[in-house]
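Structure record follows, encoded as structure tokens.
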């Protein structure tokens, strides 16, 4: 996990719907490329879900991502389930 990940997850949880990295970057103050890269990584860990029909990629937080930002899922839990 990178420091930006918590910010991205929190912003998507606050928004509550699908958001493209280009829009998300306006609220999290990271570059669009970095936000897109982190969203793909967070999707690999099932913390975000990617919208299949969005040509540029749109993401929303999953229940697992919500658990992470609420503190009921730790980084060690992520590593154990991904391993």
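The values are calculated or read from the model by the stated rules, or taken from the named source; none is laboratory data. The model shown is predicted, which means the values in this text are computed figures rather than measured ones. For neighbour counting, all protein chains shown are included, and Cβ atoms are generated from backbone atoms with ideal geometry for every residue, glycine included.
Quick notes on this structure:
- Here residue 73 meets the list (1) free of Cβ contacts under 8 Å to residues at least 12 places away in the same chain; (2) assigned to a helix (DSSP H, G or I); (3) surrounded by 11 or more Cβ atoms within 10 Å (Cβ to Cβ) almost entirely, failing just condition (2).
- Per-region count, the range 28-49, residues buried (at least 16 other Cβ atoms within 10 Å of the Cβ) and under 13 Å from residue 59 (Cβ atoms): 11
- Between 52, 56, the distinction of being touching a helix residue (DSSP H, G or I) at 6+ places or on another chain (Cβ under 8 Å) and loosely packed, with under 11 Cβ neighbours inside 10 Å belongs to 56 only.
- Annotation note: of 22, 80, the sole residue that is surrounded by fewer than 14 Cβ atoms within 10 Å (Cβ to Cβ), touching a helix residue (DSSP H, G or I) at 6+ places or on another chain (Cβ under 8 Å), assigned to a helix (DSSP H, G or I) and modelled with pLDDT under 90 is 22.
Residues checked against (1) under 18 Å from residue 73 (Cβ atoms); (2) in contact with a strand residue (DSSP E or B) (Cβ under 8 Å, 6 or more places away or on another chain); (3) in contact (Cβ under 8 Å) with a residue 12 or more places away in the chain:
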site	(1), (2), (3)
1	yes, no, yes
6	yes, no, yes
17	no, yes, yes
30	no, no, yes
34	no, no, yes
42	yes, yes, yes
